[in-house]
């Protein structure tokens, strides 16, 4: 439905609607923008107040000194970044592990999510009774709060009372129950699993939407010409899926990179341990070292998000059809 | 009918059946554990090693939890409901005119506006959490709910604007013009003529904003210090680490918290992708 919706205005060309055409032609271009303002102003105000202003505030905070109560006391220069208690130089922070984790977290979660979702979408694209029901069931991890889903995994993986642990022992996968969440490394890998788990539904839906756009007659023709199922997939279906895969990949990169609750709930080891990513570290910094240092680290994360957003706008070209 | 082959081949029953079972089990097992755990007694939920099923399902948990002063979910549920409804109403009020106007008119700055809105969707509260904390940390008491309404509203605007403008664009301009000729103002034309025609887009926007706000964690986590004002996503996970082991209540609350949003999401599933990718994938 959104398909026909989004392409409709493109046909109407760049002029305003006929009813206002004569009036609009006589007013200046600036006049047209001014006429739009009352309609857009509430949206612009909210974005200015709750997205742009806190961004500026964060940059300002990153260069100011704060005491342990969060009270500001003058300029800090680069002290919040590379000072004795700076974000990147604070003694007990295992930076090598944290950079590695951040890269592994994003790369492994996004790639495994995409691969799983490609297979799952292919399966759900077949015609069989009950596939609508299956589509509903895979919504579960998408609609459910990530906090609640992660909390169940945390409970299920407790060494003594956890049912997942008992299941792993009963099926012989584990010799004895294990306290997965008590060790930063195993907690990290459980978190990777949960992050993939909650990312699959959106990704599968996006790829399924892409599969709808693969013309059946071309597949039919390729089959007549003797192309095998594998050839048909890799040479026809997969190239046509590229826009959907690109959109899903980039949206997942930014979501996974910014994911806080999964690692926060599953990693029960306190302090600056080796289970952090740069995102969870921001919140640990905020609690221990104050807003200045936390802002300094946030700026690096912010810059990465901007790069991904730029890539999204350049590669996916989301506004293409409304131009 | 002749046996079909090639791309029209009927998928093998076995592959379909086994595949379906795997999908159902994989995507429901944590929620099954959640539901089963919510029906256990306190003794069963802390039993070592745990039993798979509650001996007698304790449906009474769903009643007694409200009077449990340890978990006390009523306040958190109220916080979640108020913030979610507030953010939904806010988005509806401010995104509808914007979506209507960009669907109806071409003007210089229109694309800049659409891109700006899109960027806010990709920038999440998490990366700006410290800035948001600096901005809103003085909003004490129930005002903090107001802060969260503004934050969730701002970061969910994009979806609403994109999905609604796509729907407004399907309404023929002549429909509006007839109303304008009859003497209606532009705002009246939008509310009385166009709005009733785009209700599927509006329902999609409402559900999406509501569900996303219902599940939001990062902003609520940094802003709401007062435990009695925390929404469910912040207050519930705390109980796992506490010495109190009334975890059956935790999972009962979690079940109550996910059932409504899963149903709502299932209603709009067909239109989610178009809104999330701003029309790039339909």
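The values are calculated or read from the model by the stated rules, or taken from the named source; none is laboratory data. Please read these numbers as outputs of a predicted model, since none were measured by experiment. FYI the Cβ positions are ideal-geometry reconstructions off the backbone, even for glycines, and counts take in every protein chain you see.
Among the candidates B:209, B:193, B:222, B:203, which residue alone is under 16 Å from residue B:172 (Cα atoms) and touching a helix residue (DSSP H, G or I) at 6+ places or on another chain (Cβ under 9 Å)? Answer to the selection: B:193. Scanning region B:256-272 for residues that are more than 10 Å from the chain's Cα centre (by Cα), more than 18 Å from residue B:78 (Cβ to Cβ) and within 9 Å of chain A (Cβ to nearest Cβ) yields B:263, B:266, B:269, B:270, B:271, B:272. Look at residue A:207 and say whether it is facing another protein chain (nearest Cβ under 10 Å) and either farther than 22 Å from residue A:194 by Cα or in contact (Cβ under 8 Å) with a residue 12 or more places away in the chain (or both). Spelling it out, residue A:207 is indeed facing another protein chain (nearest Cβ under 10 Å) and either farther than 22 Å from residue A:194 by Cα or in contact (Cβ under 8 Å) with a residue 12 or more places away in the chain (or both). Only helices (runs of 4 or more DSSP H) whose full extent lies in region A:34-136 are considered here, and the ones with at least 3 residues that are modelled with pLDDT under 95 and farther than 22 Å from residue B:127 by Cα are A:95-124.
Within region A:275-296, is even one residue at the interface with another protein chain (Cβ under 8 Å from one of its Cβ atoms), touching a residue at least 12 places away in the same chain (Cβ under 8 Å) and in contact with a strand residue (DSSP E or B) (Cβ under 9 Å, 6 or more places away or on another chain)? Don't jump to the end; show me each part of the working.
Taking region A:275-296 and keeping what is at the interface with another protein chain (Cβ under 8 Å from one of its Cβ atoms), we get A:279, A:282-283, A:286, A:291, A:294-295.
From the residues that got through so far, the ones that are touching a residue at least 12 places away in the same chain (Cβ under 8 Å) too are A:279, A:282-283, A:291, A:294-295.
Filter again for in contact with a strand residue (DSSP E or B) (Cβ under 9 Å, 6 or more places away or on another chain), leaving A:291, A:295.
Within region A:275-296, one or more residues are at the interface with another protein chain (Cβ under 8 Å from one of its Cβ atoms), touching a residue at least 12 places away in the same chain (Cβ under 8 Å) and in contact with a strand residue (DSSP E or B) (Cβ under 9 Å, 6 or more places away or on another chain).
Taking the criterion of being under 20 Å from the mean Cα position of the chain (by Cα), within 14 Å of another protein chain (Cβ to nearest Cβ) and crowded, with 20+ Cβ neighbours inside 10 Å, the residues of region A:84-113 that qualify are A:105, A:106, A:113. Only one entry in B:89, B:93 is within 10 Å of chain A (Cβ to nearest Cβ), closer than 29 Å to residue B:166 by Cα and surrounded by fewer than 16 Cβ atoms within 10 Å (Cβ to Cβ), namely B:93. On the basis of being away from every other protein chain (no Cβ under 11 Å), closer than 17 Å to residue A:145 by Cβ and at pLDDT 85 or above, does residue B:236 make the cut? Judged against the criteria, residue B:236 is not a match.
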